[in-house]
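> Below is one structure. I have some questions about it.
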């Protein structure tokens, strides 16, 4: 099952004059989603998306800090605070007016439903087929919001977690039947 979207860099920089922004720290938020963003052994945030964000922001001269949060917290922070930039986020019709979209910086990545290879009893050909299984998914992420719009119910069809990594652990321990991720995110793990 493939669900597509566009992975984009976004910032909430609305109504902030550049002069004001230059004097204030930009809070950059993201989630742990390997290989795009993850915690390095030294406590800093790294990953292929993080590296691009750093290169862009370093050229601006703005002061910034990058923080790794569970997705729901990163998203809520970006919605409710000023001088916040959030990445990696899918651009959707519902999110369009909530952010000032800066630029796409990673190619579109298809999103797939993944099951353990030992689970030959799981067969998904359509979105409706996924309702037969418990799906581990990070709270408030794009695919979670999409599944809710399609009639999926928490606890019946979805098991929401703070992070993708927790959903992956639940899959490995047979506590969920499926997880949702890109080819890159599942290959890394």
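Laboratory data are not the source of any read-out in this text; all were calculated from the coordinates shown. Small disclaimer: the values here were computed from a predicted structure and weren't measured. Backbone-built Cβ (ideal geometry, glycine too); neighbour counts: all protein chains shown.
> If the label point is 7 Å along Cα→Cβ of residue 64, which residues in the range 95-127 have backbone nitrogen under 16 Å from it?
What the label zone holds, given the 16 Å backbone N cut-off, is 100-106.
> Let me ask something additional. What is the spread of the Cα atoms of the range 109-189 along each of their three principal axes, largest first, in whole Å?
Sorted largest first, the three principal extents are 29, 26, 24 Å.
> Run the numbers for residue 156 and residue 81: contour at 0.36 nm per residue of separation, minus the present Cα-Cα distance, in nm. Walk me through the numbers on the way to the answer.
Values: separation 75, 0.36 × 75 = 27.00 nm, distance 3.32 nm.
Value of the extension gain: 23.7 nm.
> Stretch residue 120-residue 108 to full length: gain in nm at 0.36 nm per residue minus the Cα-Cα span?
Numbers: separation 12, 0.36 × 12 = 4.32 nm, distance 2.92 nm.
The span from residue 120 to residue 108 would gain 1.4 nm if fully extended.
> Which of rounded, prolate, oblate describes the range 124-164, given a ≥ b ≥ c as roots of the alpha-carbon gyration tensor eigenvalues and a/c under 1.5 marking rounded, otherwise prolate only if a/b is larger than b/c? Kindly include the intermediate steps, with their values, before the conclusion.
On the way: a/c = 1.78, a/b = 1.52, b/c = 1.17.
Prolate is the answer for the range 124-164, as a/c is 1.5 or above and a/b outweighs b/c.
> Same structure again: On the Cα set of the range 13-153, report Rg and Dmax in Å, please.
17.6, 59
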